[in-house]
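Below: the structure, in structure tokens.
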Amino acid sequence: TEELELQKAIQLQHQQYAELFQRAPAFICILKGADHTFEMVNEEFKRLKSGIDFIGRRAKDVFPEMAGQGYIELLDSVYRTGLSFQGSEIQMQLDPEGNGRLFTVYTNFSFQAYRNIGGNIEGVFVFGTDVT
């Protein structure tokens with residue numbers, strides 16, 4: 001019974017963390033691998049691109065408008081080197097409806113590598129806020 005209670009406590013804690021992640025007042029996602037495949041996104045992140053199922057898709061495919069803006073290259077650098085990137089009031093051109101109409105937004109954001117238990121970089125954690 002003690003082991004069962006411990007498992008329940010761990011499960012409850014995981015549920016609480018997942019709820020905090022989803023409800024955070026910032027856009028957050030977890031990208032996995034060198035191709036930056038979406039593993040997790042929160043509700044605020046989903047507002048960046050309406051009607052998209054992010055999970056399992058590459059960042060460059062979900063946000064083709066980012067080509068030439070330097071963000072995919074920043075993700076590549078963070079993934080390759082493990083060095084975090086933080087930007088303040090950075091301008092982005094987004095196509096939230098996927099109809100080719102770009103909107104300018106300003107964001108504060110950070111890209112941070114995350115590592116597996118062996119210490120190898122597994123992906124990039126993205127955290128940001130719209131400060132437009």
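The values are calculated or read from the model by the stated rules, or taken from the named source; none is laboratory data. What you see is a predicted model; the values in this text were computed from it and never measured. Glycine also receives a Cβ, built like all others from the backbone with ideal geometry; neighbour counts cover every protein chain displayed. Just so you know, the surface numbers come from the protein's heavy atoms only, side chains and all, with ligands and any DNA or RNA stripped out. Shrake-Rupley method; radii C 1.70, N 1.55, O 1.52, S 1.80 Å.
A few notes on this one:
- Residue, modelled with the highest pLDDT, within region 33-64, restricted to residues that are assigned to a loop (DSSP other than H, G, I, E, B) and among the β-branched types (Val, Ile, Thr): ILE55
- Cβ-Cβ distances below 8 Å connect the following pairs, each with a first residue in region 36-55 that is open to solvent by 70 Å² or more (accessible area, probe 1.4 Å), a second residue that is part of a loop (DSSP other than H, G, I, E, B) and of a type in the set (Val, Ile, Thr), and a separation of six or more residues or different chains: GLU39/ILE55; MET40/ILE55; LYS46/ILE52.
- Residues of region 89-125 satisfying the condition of being over 18 Å from GLU65 (Cα atoms) and of a type in the set (Val, Ile, Thr): ILE117, ILE121, VAL124
- Scope region 74-87; condition exposed (fewer than 12 other Cβ atoms within 10 Å of the Cβ) and either aliphatic (A, V, I, L, M) or modelled with pLDDT under 95 (or both); matching residues: LEU83
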